[in-house]
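The values are calculated or read from the model by the stated rules, or taken from the named source; none is laboratory data. For clarity, every value in this text was computed on a predicted model and none was experimentally measured. For neighbour counting, all protein chains shown are included, and Cβ atoms are generated from backbone atoms with ideal geometry for every residue, glycine included. Just the protein is used for accessible areas: all its heavy atoms, side chains included, with ligands, DNA and RNA removed. Shrake-Rupley method; radii C 1.70, N 1.55, O 1.52, S 1.80 Å.
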Amino acid sequence: QVQVVESGGGLVQAGGSLRLSCAASGRTFTTAAMGWFRQPPGKEREFVAAITWRGLNEYYKDSVKGRFTISRDGDKKTVFLQMNSLKPEDTAVYFCAATTLHYPSGNYYQTSRTYRSWGQGTQVTVSA
């Protein structure tokens, strides 16, 4: 079992930046990928970004491409989400997730049911 915990959320003006961190612990030697999801107020949870441990493949939600960057610190077992040019539409609770399962297609890493370890979430609020 892998445990993850998020940090780095907060209040920011539109156009500003934030960097989220997600630290993994436990049986992390089997980690295959980690990802970020978010849940806006009154809406369902949606995929944001993911990265695989083996090939460092990156996947992004279309609306954040060019603004958000996911990266991995393998030695520290930590994943980051650098968020630039933030918009009010980015306001949400952001969740980190981890999976030990390998899949043949990147589509699997963009689906919440792929992940079995979840953090408790960190609030990101972007003001207009």
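Some observations on this one:
Let's see how each residue does on (1) open to solvent by less than 50 Å² (accessible area, probe 1.4 Å); (2) acidic (D, E); (3) at pLDDT 95 or above:
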| residue | (1), (2), (3) |
| --- | --- |
| K43 | no, no, yes |
| W53 | yes, no, no |
| L56 | no, no, no |
| R72 | no, no, no |
| L81 | yes, no, yes |
| L101 | no, no, no |
| Y109 | yes, no, yes |
| V126 | yes, no, yes |
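- Subset of region 111-124 [open to solvent by less than 40 Å² (accessible area, probe 1.4 Å) and assigned to a strand (DSSP E or B)]: S117, T122, V124
- The lone exception for V48 - which of (1) of a type outside the set (K, R); (2) in contact (Cβ under 8 Å) with a residue 24 or more places away in the chain; (3) open to solvent by 20 Å² or more (accessible area, probe 1.4 Å) it fails: (3)
- Per-region count, region 83-99, residues open to solvent by less than 50 Å² (accessible area, probe 1.4 Å) and not aromatic (F, W, Y): 10
- Restricting the first member to region 98-122 and to residues that are within 20 Å of S63 (Cβ to Cβ) and touching a residue at least 24 places away in the same chain (Cβ under 8 Å), and the second to residues that are open to solvent by 70 Å² or more (accessible area, probe 1.4 Å) and part of a strand (DSSP E or B), the beta-carbon pairs closer than 8 Å and six or more apart or on different chains are G121/Q39.
- Annotation note: of R38, R19, R67, the sole residue that is touching a Gly at 6+ places or on another chain (Cβ under 6 Å) and within 21 Å of S127 (Cα to Cα) is R19.
- Residue among G15, G35, G8 that alone is of a type outside the set (A, V, I, L, M), touching a residue at least 40 places away in the same chain (Cβ under 8 Å) and buried (at least 17 other Cβ atoms within 10 Å of the Cβ): G35
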